[in-house]
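To start, the structure itself, in structure tokens.
The values are calculated or read from the model by the stated rules, or taken from the named source; none is laboratory data. Quick caveat: nothing in here was measured; it's all calculated off a predicted structure. Neighbour counts are summed over all protein chains in view; Cβ atoms, including those assigned to glycine, are modelled from backbone coordinates with ideal geometry. Surface areas here come from the heavy atoms of the whole protein model, side chains and all, with no ligands, DNA or RNA. Shrake-Rupley method; radii C 1.70, N 1.55, O 1.52, S 1.80 Å.
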Amino acid sequence: MSDAAPGHMPPVAPVTRQIDQALVDRYAAAARDPNPIHRDTVEAREGPYGRPIAHGMLVLALVSQMMTEAFGESWAATGQLAVRWRAPAIPPVAVTAAATPAQHADGRLRYSVRCTAADGELLLDGSASLRLA
């Protein structure tokens with residue numbers, strides 16, 4: 001594929017999910033993650049945020065969900081993520097993942113991605129890329 005303007009790339013619809021403490025607790029159990037910073041514990045209350053924070057992977061999962069909904073098997077087979085966490089998600093919080101077309105080169109589509117809290121705080125940003133089948 002040749003280089004194309006970002007406007008010629010398929011759009012990706014944003015995804016929003018409410019992350020509450022019950023979801024964080026279920027994730028912790030499923031992931032077998034006993035870190036007390038994610039639960040209502042003395043450690044979380046005495047930590048830097050004064051309360052539990054959501055697992056970063058819960059936030060990142062929204063990016064993968066968004067790309068899966070847009071590209072299906074192509075994302076599953078060839079998708080790549082490169083992100084940086086910018087701030088913790090403190091439950092309860094509505095988190096939105098969004099993607100902006102960035103580049104279409106060398107047979108790969110690359111999108112700038114970000115997850116933001118309902119108040120606009122940036123939780124993570126980076127890129128998602130894939131090769132269309």
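Of note:
- Choice from Pro34, Pro14, Pro52 with maximal GNM fluctuation in the chain (Cα, 10 Å cutoff): Pro34
- Ser112-Leu132 pseudo-label distance in nm [points 7 Å out on the Cα-to-Cβ vector]: 2.2
- Accessible surface, per residue, of the chain when the full set of protein chains is kept, probe 1.4 Å, Å²: 55
- 0 to 90° range, to nearest 10: angle between helix 21-31 axis and the chain longest Cα axis: 70
- Prolate/oblate/rounded call for region 13-55, Cα gyration tensor, a/c under 1.5 rounded: oblate
- Hypothetical label at Gln65: residues of region 98-120 whose amide nitrogen lies under 15 Å (7 Å Cα-Cβ projection): 98-99, 114-118
- Top positive-direction residue, dipole computed over the chain with Cβ charges, set Gly120, Pro48, Gly107: Gly107
- FRET efficiency, 1/(1 + (r/R0)^6) with R0 22 Å, evaluated for Ala87 and Val42 via beta carbons: 0.45
- Residues with amide H under 5 Å from that of Leu123, placed H, sequence gap 5 or more: Cys115, Thr116, Ala117
- Region 43-116, accessible surface, carbon-and-sulfur percent (1.4 angstrom probe): 48
- This structure gives Kirkwood radius over Cα pairs in Å, computed directly, and of [x] 27.4; [y] 16.2; [z] 15.7 that value is listed as [z].
- Averaging the Cα positions of each part gives two centres, and for region 8-43 and region 72-125 these lie 15 Å apart.
- Cα-centre dipole for region 6-131 with unit charges at Cβ (Lys and Arg positive, Asp and Glu negative), debye to 20: 240
- Spin-label pair Asp125/Asp33, simplified geometry with 7 Å Cα→Cβ offset, distance in nm: 2.3
- Cut-off 14 Å (backbone N to label point 7 Å along Cα→Cβ of Ser74), residues of region 89-133: 101-111, 129-133
- Taking trypsin sites (Lys or Arg not before Pro) across region 23-87, the ones in a DSSP loop with at most 13 further Cβ atoms lying within 10 angstrom of their Cβ are Arg32.
- Percent antiparallel among DSSP beta bridges (both partners in region 6-131, rounded to 5): 100
- For region 41-56, the Karplus equation 6.51 cos²θ - 1.76 cosθ + 1.60, evaluated at θ = phi - 60°, returns couplings of 10, 4, 4, 5, 5, 8, x, x, 10, x, 6, x, 10, 6, 4, x Hz by residue, with Gly and Pro reported as x.
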